[in-house]
Amino acid sequence: MTATVTTPAARGAFKARKVFNKKALVPWLFLAPGLLLALVFKFWPMAKGVWLSFFDVRPFLGDRWTGLDNYTRVLTDHRFQDAIGHTLVLGIGQSLGAIFLGFVLALLLEGQARSLKIVRTAVFLPAVTATAVVGELWRLMYYPTSDGLINSGLNFFGIGPVQFLDNPDLALWSTMAMGIWIWAPYNMVIIMAGLAGVDRSLYEAAAMDGVSLWQRLRYVTLPAIRPALGIVLTLAAIRGLRVFTEVYVLTGGGPAGSTEVWMTRAYTLGFTRNDIGGASAASVVLLCVTLLLTVTVNYFRKRGDVR
Amino acid sequence: MGDRRRSRRLAAVLAVTGLAFATAACGAGSDSAGGDPNTLEVWTRSNPDAAATYERVFAAFTKKTGIKIDYQPVINFDQQLQSRASTKDLPDVMINDTALMGSYQSQGLLKAIAPDSIVGHDQITAKSWSSTVGIDGKHYGVPYSRQAQTLMIRKDWLRKLGLEAPTTWQEMLSVAKAFATRDPDGDGKADTYGMVVPGSAQNGYAAWWGSSFLWQGGAKIVEPDGRGTYRPAMDSAAAVHTVTWMKDNLFCGDNAVTQPGALTAITSTATNFQDGNAGMYMTGPYNITTFDQTLGKDKYEVVPAPAGPAGGDVLADGENVYFGAKTGKTKQEQALAAFLISPEGQKIAMTGENQPVVRIPVNSTLDAATVRDDARWSVVQKAYEDASQQFPNAPDFAPIKQDTADSLNAIFTYCGGDVGSQLKELNETLAGDLKDQDLLK
């Protein structure tokens with residue numbers, strides 16, 4: 001009796017331990033390739049960038065430790081301060097505009113009809129086109145004589161040729177318009193997913209009560225898609241400050257620095273002025289601000305959810 | 001529960017260790033590839049057309065010496081060079097602008113070069129060699145190609161309107177206005193422009209293109225004091241007068257004198273001359289090949305730049321051959337440089353159906369017009385030899401050029417500002433740039 005009881009227990013314990021080991025190892029093996037890519041191409045360069053921001057970078061002469069000098073110099077540079085201002089205006093305007101347009105498109109294109117699916121696919125194309133290509137196309141559209149695509153249209157209404165990119169008062173807004181066009185379809189898809197999840201009975205109840213279109217939007221649709229809007233706002237917070245290609249291809253930060261943004265300024269520091277330390281410092285500050293912004297948006301989103 | 005957590009931790013450690021070994025393996029692989037002593041990695045900053053010319057040059061070199069070339073035409077040269085610099089593994093040879101020598105030297109990217117070590121060094125003039133002297137008095141590049149800005153002008157339009165090529169600023173303005181307003185292409189539409197201006201601040205274009213006007217107006221950007229230091233000079237009366245003239249006549253006056261979008265145009269987007277709707281373009285002679293193909297040889301000619309109050313000087317620049325620091329292949333690099341400056345090497349790079357990468361040969365036994373059987377190159381060579389000025393090559397000129405371009409672009413954009421005070425502000429910025437390099441007088 002005693003021998004019989006002991007043997008099964010020992011065998012069971014051994015088997016359990018082996019099973020745990022195998023099960024624990026398998027997920028990590030599947031994750032390894034992705035982790036390797038992230039490690040080599042994201043986290044290591046990020047750490048290196050933070051490290052370089054404390055040096056006057058001269059690889060062959062020996063990097064010279066400068067502590068926080070790079071940060072002080074970058075943050076007190078008036079061109080950089082202007083660039084921050086432009087980035088905020090562009091980022092906020094672009095994000096809000098893209099969310100609004102995405103919402104409108106989602107309402108217009110929601111549904112099951114086959115033709116709507118084709119239109120949705122066509123409308124989504126900006127999201128999958130390379131930003132540099134979009135920039136070149138919009139620069140052609142903005143051509144500042146009556147031959148330009150947009151100026152041709154304006155000419156039809158009797159408006160003279162507009163210098164969209166060469167007028168410092170217009171250049172930032174012209175860039176913003178392009179950014180809205182690029183990102184609205186992406187937001188549309190997320191908001192459309194939110195709309196698909198709205199309980200139909202709520203609309204039926206609203207119709208029974210005889211509410212107006214605006215009231216239905218205000219009290220039924222918007223509350224229901226708050227999770228989707230939360231996601232869209234989070235993505236906008238991350239993306240809004242990191243504009244680069246749109247500006248670089250369209251205007252190069254000109255005219256007179258009127259469209260210079262955080263990233264184009266960091267790029268100029270690093271590759272036109274060969275100030276790698278300063279460029280690293282600018283990028284690290286951007287990273288910190290982006291993290292802070294993302295955390296803040298998430299905090300308010302969660303607090304809103306609780307309420 | 002404790003057992004499970006412990007086994008997960010062990011699995012995580014194993015995974016990370018595996019990643020580390022995999023990463024090390026990747027690193028090891030690239031080392032062995034770069035180590036072949038009989039292969040040189042050569043970078044040039046070239047578009048595909050110019051790269052095709054370099055291919056022929058390097059093929060001839062390999063055939064002659066047996067040294068193989070790993071050739072990389074790199075368009076985003078400076079970004080990729082910084083990446084390589086950060087890993088302390090530079091290309092063996094780099095061919096790039098003379099104006100970048102100070103920038104590269106200040107970062108320790110270049111080997112010092114003794115001219116005597118290059119076979120054929122005596123065929124390069126003292127003037128050319130003097131352009132590769134660094135801050136410390138040593139040479140850091142081998143001269144390879146030189147060029148001077150010249151004026152490309154539509155001769156068919158001149159003939160049609162009964163005009164002569166301009167020889168002064170005022171004549172240039174008159175011709176530009178005529179090109180803009182008198183329908184020289186005869187299509188009945190107001191769709192022609194006087195001249196092309198790459199006026200963007202991006203990468204310093206406004207300063208690069210505008211410097212010829214500064215020289216012609218008697219202005220300098222920075223002035224050497226003969227003791228290895230410099231002082232900023234953009235607040236001089238000549239500079240104020242010249243920049244005011246440019247602002248009033250090219251950017252803020254009759255807008256048809258320049259092509260649309262001048263303030264945000266760089267050379268790759270300012271295609272109005274070859275597109276056939278602009279009548280003049282002050283540019284480098286490397287465009288002669290392109291314009292012959294797109295516009296036609298019969299439609300335009302190459303003339304000296306119109307003179308300003310102080311003369312007809314234009315911006316001179318060019319390319320040098322640079323040796324990467326600590327590559328360990330000095331003999332092979334010297335062999336390549338010797339071939340590149342030899343009559344044979346220069347001729348291959350000057351001719352052919354693709355864009356020439358040697359414009360005016362640095363080898364003084366060769367004449368640009370004779371080698372090409374094209375008299376237009378005499379105009380370019382004469383401009384280079386008699387009426388040209390370079391940017392200072394010894395300082396790190398990149399921030400100076402960029403700050404100057406930023407300031408000029410702002411002056412040309414906001415037409416109502418006071419030029420004198422804005423240039424005084426630029427001067428203070430330039431003083432800061434020079435001070436950062438310990439070069440302020």
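See the values below:
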{"quantity": "So A:Ala237, is it within 15 Å of the chain's Cα centre (by Cα) and modelled with pLDDT under 90", "calculated": "yes"}
{"quantity": "Qualifying residue in region A:285-293 (condition: closer than 25 Å to B:Ala410 by Cβ and touching a Lys or Arg at 6+ places or on another chain (Cβ under 8 Å))", "calculated": "yes"}
{"quantity": "Helices (runs of 4 or more DSSP H) within region A:208-307 that include 3 or more residues of a type in the set (A, V, I, L, M, F, W, C)", "calculated": "A:226-240, A:245-250, A:262-267, A:276-306"}
{"quantity": "Unique match (being buried (at least 17 other Cβ atoms within 10 Å of the Cβ), under 30 Å from B:Tyr104 (Cα atoms), within 14 Å of chain A (Cβ to nearest Cβ) and in contact (Cβ under 8 Å) with a residue 12 or more places away in the chain) among B:Thr264, B:Thr283, B:Thr258", "calculated": "B:Thr264"}
{"quantity": "The one condition in (1) modelled with pLDDT of 90 or more; (2) within 17 Å of the chain's Cα centre (by Cα) that A:Thr259 fails to fulfil", "calculated": "(2)"}
{"quantity": "The lone exception for B:Leu151 - which of (1) within 13 Å of chain A (Cβ to nearest Cβ); (2) under 20 Å from B:Phe391 (Cα atoms) it fails", "calculated": "(1)"}
{"quantity": "Residue tally, condition surrounded by fewer than 18 Cβ atoms within 10 Å (Cβ to Cβ), facing chain A (nearest Cβ under 10 Å) and in a helix (DSSP H, G or I), over region B:85-136", "calculated": "1"}
{"quantity": "Residues located in region A:112-139, provided they are more than 30 Å from B:Thr269 (Cα to Cα) and either touching a strand residue (DSSP E or B) at 6+ places or on another chain (Cβ under 6 Å) or surrounded by 13 or more Cβ atoms within 10 Å (Cβ to Cβ) (or both)", "calculated": "A:Leu116, A:Val119, A:Arg120"}
{"quantity": "Condition met for A:Arg226 (more than 14 Å from chain B (Cβ to nearest Cβ), at negative phi and not aliphatic (A, V, I, L, M))", "calculated": "yes"}
{"quantity": "In region A:42-87, residue farthest from the other protein chains (Cβ to nearest Cβ) [restricted to those that are touching a strand residue (DSSP E or B) at 6+ places or on another chain (Cβ under 6 Å) and among the charged types (D, E, K, R)]", "calculated": "A:Arg64"}
{"quantity": "Failed criterion for B:Glu223 (all others in (1) more than 19 Å from B:Glu171 (Cβ to Cβ); (2) modelled with pLDDT of 95 or more hold)", "calculated": "(2)"}
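The values are calculated or read from the model by the stated rules, or taken from the named source; none is laboratory data. What you see is a predicted model, and the numbers here were worked out from it, not measured in a lab. Please note: Cβ atoms are built from the backbone with ideal geometry, for glycine as well, and neighbour counts cover all protein chains shown.
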